[in-house]
Amino acid sequence: MHTQVHSQPRARGGLIAWACLTVAIVAEVVGTSFMADAARHGGYLGYGVMAVALAISYYFLALSVRGIAVGVAYAVWEGLGLTLLTLVGIFVFKDNLSGQRMIGLAMAAVGIVCVTLGEEHAP
């Protein structure tokens, strides 16, 4: 059995793809934040919110790869999610950020910028 994969040109819907990726990132941060809160303080509601938010995140991540290369979309999703979750950890959960962690986050940010700028854009 042979399945044919239909692909859309990446230039079409580029803005929509980036909007979907933004929704995916926000949903990931919300879901993982609720997971951390539920793990620290208990309560099944937090785990329920986590499950729904992470499902939404993956759905919109999948939609984003219609207009963004999968490697770029995943790198941006993971990298910005990591950075935003670190900020949530610092400001909401009062986590400490060591110098080594700051260097790691800076390196991740540079990597995200390099990967995103390397995305091919059709004229």
- request: Scan (1) closer than 12 Å to Leu21 by Cα; (2) open to solvent by less than 50 Å² (accessible area, probe 1.4 Å); (3) at pLDDT below 95; (4) out of contact with any Lys or Arg (no Cβ under 8 Å at 6 or more places or on another chain) for the single condition Ala69 breaks and write down its number.
  value: (4)
message: Just the residues that are outside any helix (DSSP H, G or I) and in contact (Cβ under 8 Å) with a residue 12 or more places away in the chain, please, taken from the range 43-78.
response: Val65, Arg66, Gly67, Ile68, Ala69
task: Would you please list the contacts, defined by Cβ atoms under 9 Å and residues six or more apart or on different chains, that run from a residue in the range 83-112 that is among the acidic types (Asp, Glu) to a residue that is modelled with pLDDT of 90 or more?
output: Asp95/Thr86; Asp95/Val88; Asp95/Gly89
- prompt: If you take the residues in the range 81-101 that are assigned to a helix (DSSP H, G or I) and open to solvent by 100 Å² or more (accessible area, probe 1.4 Å), which one is modelled with the lowest pLDDT?
  reply: Arg101
task: Say whether the condition of being open to solvent by 40 Å² or more (accessible area, probe 1.4 Å) and within 23 Å of Glu119 (Cα to Cα) is met by at least one residue in the range 35-54.
output: no
- request: Of the conditions (1) out of contact with any Asp or Glu (no Cβ under 9 Å at 6 or more places or on another chain); (2) more than 23 Å from Gly14 (Cα to Cα); (3) at pLDDT below 95, Ala108 clears all except one; give me its number.
  value: (1)
- request: Being at pLDDT 95 or above, hydrophobic (A, V, I, L, M, F, W, C) and open to solvent by 100 Å² or more (accessible area, probe 1.4 Å) narrows it down to one of Ile16, Ile25, so name that one.
  value: Ile16
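The values are calculated or read from the model by the stated rules, or taken from the named source; none is laboratory data. Predicted model, so just to flag it, every value in this text is computed and none were measured. Please note: Cβ atoms are built from the backbone with ideal geometry, for glycine as well, and neighbour counts cover all protein chains shown. With ligands, DNA and RNA removed, areas are computed over all heavy atoms of the protein, side chains included. Shrake-Rupley method; radii C 1.70, N 1.55, O 1.52, S 1.80 Å.
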